[in-house]
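The values are calculated or read from the model by the stated rules, or taken from the named source; none is laboratory data. Please read these numbers as outputs of a predicted model, since none were measured by experiment. Reconstructed Cβ throughout: ideal geometry from the backbone, glycine too, with neighbour counts over all protein chains shown.
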Amino acid sequence: MDIKDRIRNVKNCVVQATPNDSLLDMIERAEGAFSGFRMLYSKNGVGAPLNDSEHKNAKIRGLFSDDNVLAYSDDILRQCQLGEAGIGYIRRVLFDTNLLSDLPRVLEDEDFSSKEAACEILEYVKKHFGGSIDFSFPLLENLRQYCGGNKKFPIRKLAAAYYYDEKISEPRQIRTEKHDFTSFFGKSSKTLDSFANSPDIWSLIKKRDLTYAIMLKVFCICWSNPHQTIESILNQLIEYTLKTYDVLPLKELYFSWKVTVGLTMRHFTPIFEEKDLKNPTSKSVNRISALAWDLYMFRYCETLLTEETSNLFYVPLITTMDNGLLDTLELCPIKAVIMFEDAKYVETIFADENMFQITLKQSLSASQKNVIRSPKRHINKSKIDEHLLNSEISKLEDTVYQLAERRSKHIAQNS
């Protein structure tokens with residue numbers, strides 16, 4: 001069985017598992033396909049506890065669908081067969097962009113509307129997680145601003161994060177004292193320079209841009225004709241991704257399926273009741289861009305999950321004061337993450353993946369199936385031409401603005 005067949009076999013076993021299936025049931029059903037892979041699998045009632053009601057009060061969210069997590073690797077299976085396996089779960093808190101933006105103002109004891117919420121999160125992280133924080137994701141979101149010449153604010157944000165990370169174990173109170181973090185400006189600038197000069201970092205940003213392009217496209221399809229079936233919308237999106245980029249980006253199509261259901265059936269989440277996402281407006285482009293960053297966080301966490309090896313597993317938690325991001329996290333609950341180390345590939349499986357896969361198959365035309373099954377087809381998102389992607393984003397943004405203007409004129413004529 002080659003690596004592609006093994007990946008397909010493992011994924012099918014996880015997607016088709018019932019609540020009564022144990023992790024061992026799935027492994028045995030896969031007939032050796034799990035060998036060489038590592039996996040985190042969420043399940044209620046067994047495994048290491050993940051979610052804490054206090055986290056939700058502090059606006060901290062996990063990514064997994066259930067309250068506990070189980071881990072698998074070849075070593076863990078062997079150790080369990082001999083008696084007991086030692087498994088380590090490393091929990092780190094990812095700062096979102098809003099929290100990182102508020103951090104300098106908190107440390108300088110400024111008065112602003114979200115200060116109390118920011119202080120609550122920071123004190124909670126300090127008390128429960130010590131120095132286990134990660135503020136790399138907002139740097140991706142701020143990098144274009146930095147490279148565009150507006151360096152002051154990204155440097156200031158990162159310097160505040162470095163200060164907080166170093167001083168987090170000290171007994172000083174975050175909310176009652178003024179903190180001087182200017183000594184970290186030099187370190188902050190060097191880090192941002194290294195990000196700006198890293199091809200790997202720009203590759204991550206390009207993957208986010210693909211998510212953004214596909215989000216723009218699915219909203220345009222939905223808004224252009226509100227009387228379409230979910231399958232018809234997905235079919236048009238599949239045709240677009242295959243013809244334009246020669247890829248079938250399954251995770252982005254999963255996110256698009258959520259958008260499609262949200263807009264056509266008003267189901268799943270309050271996100272799609274927001275006026276700038278419910279219908280095209282002059283602010284829709286900015287809101288879709290923000291949504292694309294929120295959704296890309298799932299893809300970014302896949303990268304982080306591969307950092308540990310053997311019996312150590314990284315379990316991310318997200319901090320945010322953005323209710324939209326909270327809704328997004330609840331929109332896409334993760335059932336499992338499978339790390340195929342030999343293939344350098346990570347597969348995220350969502351809790352409702354089976355429903356999505358059924359809808360996706362119903363959406364595919366015969367010609368699309370032939371393209372996807374072609375043995376000559378090599379799928380590699382990193383090979384997508386950057387100029388093509390930027391051109392597509394520009395065209396799709398223009399389409400959103402045109403749809404917004406058309407809607408505005410229609411409202412004016414009928415008022």
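Considering region 372-408, and only residues there that are assigned to a helix (DSSP H, G or I) and modelled with pLDDT under 85, the residue that is nearest to Ser232 (Cα to Cα) turns out to be Ile372.
Total residues in region 239-261 satisfying the condition of being in contact with a strand residue (DSSP E or B) (Cβ under 8 Å, 6 or more places away or on another chain) and surrounded by fewer than 18 Cβ atoms within 10 Å (Cβ to Cβ): the figure is 0. A residue that is among the charged types (D, E, K, R) and touching a residue at least 40 places away in the same chain (Cβ under 8 Å) cannot be found anywhere in region 281-292. Within the option set Tyr212, Tyr254, Tyr245, being among the aromatic types (Phe, Trp, Tyr), under 30 Å from Ser374 (Cα atoms) and modelled with pLDDT of 95 or more holds for one residue only, Tyr212. For first residues located in region 114-141 and in contact (Cβ under 8 Å) with a residue 60 or more places away in the chain and assigned by TED's automatic domain parsing to the domain that holds Gly62, partners that are buried (at least 16 other Cβ atoms within 10 Å of the Cβ) and not aromatic (Phe, Trp, Tyr) and lie 6+ apart or on another chain with Cβ distances below 7 Å do not occur.
Here Glu84 meets each of (1) of a type outside the set (Gly, Ala, Ser); (2) surrounded by fewer than 20 Cβ atoms within 10 Å (Cβ to Cβ); (3) assigned to a strand (DSSP E or B) with one exception, condition (3). Among all positions in region 81-98, there is no residue which is charged (D, E, K, R), in contact with a Phe, Trp or Tyr (Cβ under 7 Å, 6 or more places away or on another chain) and under 17 Å from Tyr163 (Cβ atoms). Within region 87-122, the residues that satisfy the criterion of being buried (at least 16 other Cβ atoms within 10 Å of the Cβ), assigned to a strand (DSSP E or B) and of a type in the set (A, V, I, L, M) are Val93, Leu94.
Can you give me the number of residues within region 176-216 that are under 27 Å from the mean Cα position of the chain (by Cα) and in a helix (DSSP H, G or I)? Final tally of qualifying residues: 27.
Is it the case that some residue within region 220-233 is within 17 Å of Ser391 (Cα to Cα), at pLDDT 95 or above and assigned to a helix (DSSP H, G or I)? Scanning region 220-233, I find at least one residue that is within 17 Å of Ser391 (Cα to Cα), at pLDDT 95 or above and assigned to a helix (DSSP H, G or I), so the answer is yes.
Any residue in region 317-338 that's over 11 Å from Arg61 (Cβ atoms): show its pairings with residues that are part of a loop (DSSP other than H, G, I, E, B) and hydrophobic (A, V, I, L, M, F, W, C) at Cβ separation under 8 Å, as long as the two are six or more apart or on different chains. As it stands, the answer is Leu331/Phe268; Ile334/Leu63; Ile334/Ala351; Lys335/Ala351, since those pairs meet every condition given.
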